Amino acid sequence: MKRLLGLILLAGSARAQQPYDVSLIPDSLKKGAHVVVRDDEESFVLASPTRATYKSHVAYTILDEQGQDALEWGTYTNTFVKLEDADIYVYDPGGNQIQHIKQKQMVTEGYGEELIDDGAITGYRVTAPSYPITVQVDYTLNFKGSEIIVPFSLEHTQRSFQQAQYTLVTPKSMTPRYKNRHLDLQPVIADVDKDNRSYTWKSGPIKAVPEEPGAPSDYVPEVQMAPTQFEMAGFPGDMSSWQHFGQWIYDLNKASFVLPDASRQFYQQMVSGAASDLDKARIIYDYLQKNFRYVSIQLGIGGQRSFPANFTEKRKYGDCKALSTYMRACLDAVGVKSYTALINAGPYQQPIDPSFPCDEFNHVILCIPQPKDSVWLECTSKYIDFGVLGDFTENRNALLITENGGVLAHTPVSTLEENTSIYNTKVALSDDGSGKAMVTFYQRGDDKEEIIRKFYAETRDNQKKFLVDDMDFPQPDDFTITPGQKDSAALKTLMSLTFEKVPEFTAGSKMFLNPRLYHIWPYKLPPSEHRTQDYYFANPDVTVDTTCYQLPEGYVVDQLPKGDSFSNDYASYTSSYWYDAAQKCVYSRGVLTLNARRIPARDYPLVKEFFGHVVKEETEKIVINKP
């Protein structure tokens, strides 16, 4: 009897479900998700101002191929952050372990310029024989210093959570600061012992939300965290205010702003004929663009200390900190006041929260203060105009690093006039449908920088690819480009193209021509149903196109579109068509104006409908015929 009972118990044990059995995932968490986080347990223990430990245990089930990005894990390390005890476990759909990847099996690669050995990325990509598959990652990071406290992030775009927990432990003498962003969670606070205190945040099930293209990339529900007092490499700091944090950055870098005497004299001579401070800055900026290059280097105290100006000068390269610091030193040499500025860079990024001093910066630019409108410089680009930032850093809160500490300043927002594209095209048609086109286009702002960087400075094959894929021209049989003056306010480019076939299609002797060779707006916006986040365009801008089709001998106009005009609070579009008998040319003109960069979610359906109308209008046809 005892033997029989033992066999029954053994069989029951064999049938017991494993913790990561996929069948244990509620259907409500699978809906709209490609990844389900089964268990997320994180802790950050701040042992002292000079030592901290972060531990992460996360298990997630990848439901299908669309979630395959989660198969890849990696973490960044450097002099101040070291990886320990990294392990990856892989489980089949029943929750049975099928693989264990140890840290020594992972790949570690250097990060940054090949001449500089500092940072590294350690990671591994799991091979999925089939889906679903569950991956568990356990690792520990040891920090030298206390400037950064890892936040509690709950990214739930196409990803759901069964449970998540984050515990922060700090000495009672080091009171942390925290703030909710896009969520509402309060910590449970408890004394660990007489010297330390813990803060624990717990989250229950979180359903996945759909991906919303055009939404800010930093729209992640999280608990932001930051120290009040901190230390890095023996340098104590205070992050209770932007002024104090900026003062710490200034003190770290003030020695880097000094240029050797010979170099100071060199730049003083270079600008000796300049009429104003901004003219001096423009001359030096142009020189640095032509003679220095950008490299990605994470050297320095937590990435905060720049190369000295003389180091950058000798090597003629540097990262954003080094190049901005060098520009500041050059301007100081010629009597022009400027400040390096920390900023959170990237498309669609939102401004740093002014009410919560925290190091969320990833880039450095330069500001030249002016009585009315300060001048901002992107020192890493060889192509962007003096005084232009572009969508990478515009409309943000930058932290100016001054002698008296940090000062938040808002970077400018580009206008319609600063983002203008004007096209003039003349197409000489032949009666067999072939044609030669002469295109003149003028561009300002981000489009101008893109043309110089991706069009002028590329191989012929890449130019052709850019012409077709980015500018939306039809595939030419041949083309030539005559570049314009890069330093002009509006970049003028001349282009000659030949096509074996110009009409969209033909029927007998009739040719059906598109309004222009390319489309002013070639694609539909993403779906608008149930949208919850604002939609962002790169910039407000205006595109003006005038196209002339010169008719072949014997051809007449059979039909012209009527043209249209429509608008809303955010955009407008106008098209018109006419025939010039003296020139034997059919003209089309289109003007598309986008007045706003940000479209509130509530108004997005209106804007989507507008651009759908533009796309439809672009399908109108000019019909010519040979009677």
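Bear in mind that the values in this text are calculations on the coordinates, not laboratory data. Note that the structure is a prediction, hence the values are computed from the model and not measured. FYI the Cβ positions are ideal-geometry reconstructions off the backbone, even for glycines, and counts take in every protein chain you see.
Per-structure values
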{"read-out": "Residues of segment 421-437 with amide N under 20 Å of a point placed 7 Å along Cα→Cβ from residue 490", "value": "421-427"}
{"read-out": "Kirkwood Rh, Cα atoms: Rg over Rh of segment 22-234", "value": "0.98"}
{"read-out": "GluC sites (Glu not before Pro) within segment 308-404: DSSP coil, no more than 14 neighbouring Cβ in 10 Å", "value": "403"}
{"read-out": "For segment 337-351, 3J(HN,Hα) per residue [Karplus equation, 6.51 cos²θ - 1.76 cosθ + 1.60, θ = phi - 60°, Hz, x = Gly/Pro]", "value": "6, 8, 9, 5, 9, 7, 8, 8, 9, x, x, 6, 5, 8, x"}
{"read-out": "Label point distance in nm, residue 233-residue 107, each placed 7 Å from Cα along Cα→Cβ", "value": "3.0"}
{"read-out": "Computed FRET value (nearest 0.05) for residue 50 with residue 264, which takes r as the C-beta separation and R₀ as 30 Å", "value": "0.20"}
{"read-out": "Mean residue ellipticity (222 nm) of the chain, computed from DSSP H runs ≥ 4 via -39,500 (n - 2.57), nearest 500", "value": "-5000 deg cm²/dmol"}
{"read-out": "Candidate lysines - alpha carbon under 26 Å from residue 584, same-chain residues fewer than 8 apart omitted", "value": "426, 436, 501, 510, 562, 621, 626"}
{"read-out": "As computed over segment 420-625, the Cα convex hull volume per residue (Å³)", "value": "130"}
{"read-out": "Amide H partners (placed H, <5 Å) of residue 356, local residues excluded", "value": "none"}
{"read-out": "Inter-probe distance in nm under a simple model that places probes 7 Å from Cα toward Cβ, at residue 310 and residue 290", "value": "2.7"}
{"read-out": "Principal axes of segment 346-469: Cα extent on each, largest first, Å", "value": "72, 30, 23"}
{"read-out": "Long pairs among 465/524; 280/492; 104/454, criterion Cα-Cα beyond 32 Å", "value": "104/454"}
{"read-out": "Volume of the Cα convex hull of segment 241-410, divided per residue and given in Å³", "value": "109"}
{"read-out": "Mean separation of Cα contacts under 8 Å (6+ apart) over length of the chain, as relative contact order %", "value": "10"}
{"read-out": "Extension gain from residue 251 to residue 601, taking 0.36 nm per residue of separation minus the Cα-Cα distance", "value": "121.7 nm"}
{"read-out": "FRET E, pair residue 469, residue 76, Förster distance 25 Å, beta-carbon r, rounded to 0.05", "value": "0.20"}
{"read-out": "Relative contact order computed over segment 22-234 (Cα-Cα under 8 Å; 6+ residues apart), in percent", "value": "28"}
{"read-out": "Percentage, to the nearest whole number, of Cα pairs in the chain over 32 Å apart", "value": "62"}
{"read-out": "Tilt relative to the chain, helix 460-469 - C-alpha long axis, 0 to 90 degrees, to 10", "value": "90"}
{"read-out": "Rounded to 10°, Cα long-axis angle of helix 261-270 versus longest principal axis of the chain", "value": "20"}
{"read-out": "Trypsin sites (Lys or Arg not before Pro) restricted to segment 303-363 and DSSP loop, no more than 13 other C-beta within 10 Å", "value": "316, 337"}
{"read-out": "Hits among lysines - C-alpha to C-alpha of residue 30 under 23 Å, sequence gap 8 or more where chains match", "value": "202, 207"}
{"read-out": "³J(HN,Hα) computed for each position of segment 94-106 - Karplus, 6.51 cos²θ - 1.76 cosθ + 1.60, integer Hz, glycine/proline x", "value": "x, x, 8, 5, 10, 7, 9, 9, 8, 4, 5, 8, 7"}
{"read-out": "Gyration tensor (alpha-carbon) shape descriptor, segment 552-605, a/c threshold 1.5", "value": "prolate"}
{"read-out": "Residues whose placed amide H lies under 5 Å from that of residue 571, excluding near-sequence neighbours", "value": "595"}
{"read-out": "Using alpha-carbon coordinates, inclination of helix 242-253 to the longest axis of the chain, degrees", "value": "90"}
{"read-out": "Sites residue 337 and residue 175 - FRET efficiency at Förster radius 35 Å, r taken between beta-carbons, to 0.05", "value": "0.45"}
{"read-out": "In sequence order, calculated HN-Hα J values of segment 379-396 (Karplus, 6.51, -1.76, 1.60; Hz; x Gly/Pro)", "value": "8, 9, 9, 7, 10, 6, 5, 4, x, 10, 9, x, 5, 5, 9, 7, 6, 10"}
{"read-out": "Loop sites in segment 459-560: GluC sites (Glu not before Pro), DSSP, at most 10 other Cβ within 10 Å", "value": "529, 553"}
